[in-house]
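The values are calculated or read from the model by the stated rules, or taken from the named source; none is laboratory data. Everything numeric in this text was worked out from a predicted model, so none of it was measured. Accessible surface is based on the protein model in full, side chains and every heavy atom, while ligands, DNA and RNA are left aside. Shrake-Rupley method; radii C 1.70, N 1.55, O 1.52, S 1.80 Å.
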Amino acid sequence: MKEDCATVMSASQGCIDDTAVVEKFKEALKERIGADRFQMWFHHGVSFSLQSASSAAMESEAPPSPTSTCMVESAVTSDTAVTMDSAVTLETDGTSALEYSHDESPSRIVVLVSGQFALDRLKQNFMQPIRAAAAQVFGTSLGVALELQHQQAVQSELPLQSESDEFADADEFDPAAVAEYNAAKKLAAKTRTRTSQRNRGNAKSLSSLVSDGAGTTRKPTKRRREPCAGQPSLPNFGGEAQGSQNQATGKQAIGSGSSHQSNKPMSAAAALRATMTLKTFVGGQCNQLAHTAAMMACQSPSTATPLFLYGPSGIGKSHLINAIADQFRRGHRMRRVVQISGEKFTNDFCKSVGGTGLPEFRKRYRDVDALLIDDVQFLSSKSATLREMLYTVEALIEAGRPIVFSANQAPSEIEGLSRELIGRMASGLVCPMHSLDNATRGTVLRGLISERCSVEWPEATITEVNSQLAGDGRVLSGVVNLVATLQKMLSRMPSMDEIRQFGGDLLRTSQPTVTLTSIERAVCEAFSLPADELRGTSQARAICEPRMLAMYLSRQMTSSAYAQIAGHFGGRSHSTAIAAERNVNKWLAEGKSIGRGAAAISAREAIHRLETLLRTG
């Protein structure tokens, strides 16, 4: 059948053919569904046919065929009812003719789709736009039908004549050509026989295939990149030997039958977490209570839960949390151990509110074997997140699941936490962790030196560097990395002057400068006093005792004279500073408490907290 049969039709705009009607319908449909959707669904594999009443009646009697109607590529209807003046004859497969007169109007639009999936989607999503576009173009309601386009089967030509009759049908043939043809056939038969025998010889049993690793996909070997001719070579810092050693070790492990280990390299974060275990944690007087509590939690997870660790940055809180999580997974075979930060918990909660929903969020954090959250202070002043955290903690406590928290302050000192959540966090075991003391810093420093430096440090250098550093373990790591780089650059151990030359800023910033102003600010922050309250004239106990502590610390941690200290705190005489120092020493000897009620703490504990706060900035 010819798809280009354009019948002359009369409309309100004048006489136009089917192609013009098709273009008009396409534009109307494109305006309704959008150009992108039209390009996706109606550009390929979709054709349209315009059927009259007579052709529709004939199709109802005959089986559907794509050649039984007048096909117009990607076209459909006209703007108004179409009037035809004369008869048009359409050829169908060259055997018969389908005739309809010009005074017949189209009765429906047939959309032929090449695939069943596309047909289902068009019926589901685009029937209404197609009907509306047809009504817009024709001006009347027109029937619309979506049908699957049947592909006409094509019979491939097969050779029905046998090879033995190729020369029998010829009237005259050359005997030499016949002999050459037979020789070629024999040679081909011998080749096939040898190939089949070789394949049978190479056949293996199933057990041999499994043992030899047959069927596995061989990874393509990577070609080594040769250095360019003009590219300068880098100095050897010892990394190549180490890399070759690691590569040899890896090959040996693979060859020994370690098929369960993955060759995929670990990320930097995963490698760092793998080193944070209880064996690598350095315990000391500054973290003795927290270290003992962590070992107790690893032995009996349900004991003293929730466990709350707090202290300044760089003292090993994250190290202990990673160690506890690792022990939960390895020692107690807990499969659902969730270890996240307070920021990650907040972000997941916000995403669940706007996306997946709260049930999925609650299942993720409540249907667990253990929950460990670092940096809980990030949750402060977020009422909705705090409420969800409270319900999560209550659910896990009722189920007997272990919970571990860490923060930079104690639960009662974190501003913005609800009283209910503070009570739940403090109901287990709250362990303070202080800045690394001198002995602990020395142990950590020596461990980092033996791990990262190729040249041994003199003991005098270790002592001097240790004395100039504060109790932040990350600063220790940075100083050791600096000295290791200087060793590679100078090919020797750098002197202390060279360390100060290249790392003086690091050494100076690691030890904050303590001044009278910084002491005043720390005391006001610790006792929740206004900034200028210590300089006032009030003699109330809630203000007088913190003022005496500030004067005592000023005398201990600065080189200021009594007169200068007393003048800073309200213009008092030097005898006031002397009396304050004498009173604080008496408090320490007697173990007196400062403050009243639940906020009362011992003088020794208050001084220790203030010193830690001042040394860590």
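A few comments on the model shown:
- Other-chain or far-sequence residues with amide H under 5 Å of V430's (modelled H): F308
- Prolate/oblate/rounded call for segment 269-432, Cα gyration tensor, a/c under 1.5 rounded: prolate
- Hull volume in cubic angstrom per residue (convex hull over the Cα atoms of segment 516-616): 90 Å³
- Multiplying each eigenvalue of the alpha-carbon gyration tensor of segment 438-509 by 5 and taking the square root yields semi-axes of 17, 14, 11 Å, largest first, rounded to whole angstroms.
- Ligands, DNA and RNA aside, F308 has an accessible area near 0 Å² when probed at 1.4 Å.
- Phi to ³J(HN,Hα) by Karplus 6.51 cos²θ - 1.76 cosθ + 1.60 over segment 429-434, Hz, x for Gly, Pro: 9, 9, 10, x, 10, 9
- Sequence of E23, E525 from largest to smallest accessible area, 1.4 Å probe: E525, E23
- Residues F281, F502, F378, ordered by accessible area of protein heavy atoms at a 1.4 angstrom probe radius and largest first, appear as F502, F378, F281.
- When the alpha carbon gyration tensor of segment 325-398 is reduced to an equivalent ellipsoid, its three semi-axes come out at 22, 14, 11 angstrom, largest first.
- Among the listed pairs K317/K382; K26/K123; K317/K344; K279/K488; K279/K363, those beyond 25 Å (Cα-Cα): K279/K488; K279/K363
- Residue order for D497, D374 - accessible surface, 1.4 angstrom probe, largest first: D497, D374
- The H on the amide N of V144, modeled in the peptide plane, is under 5 Å from the matching H of I109, each at least 5 residues off or on a different chain.
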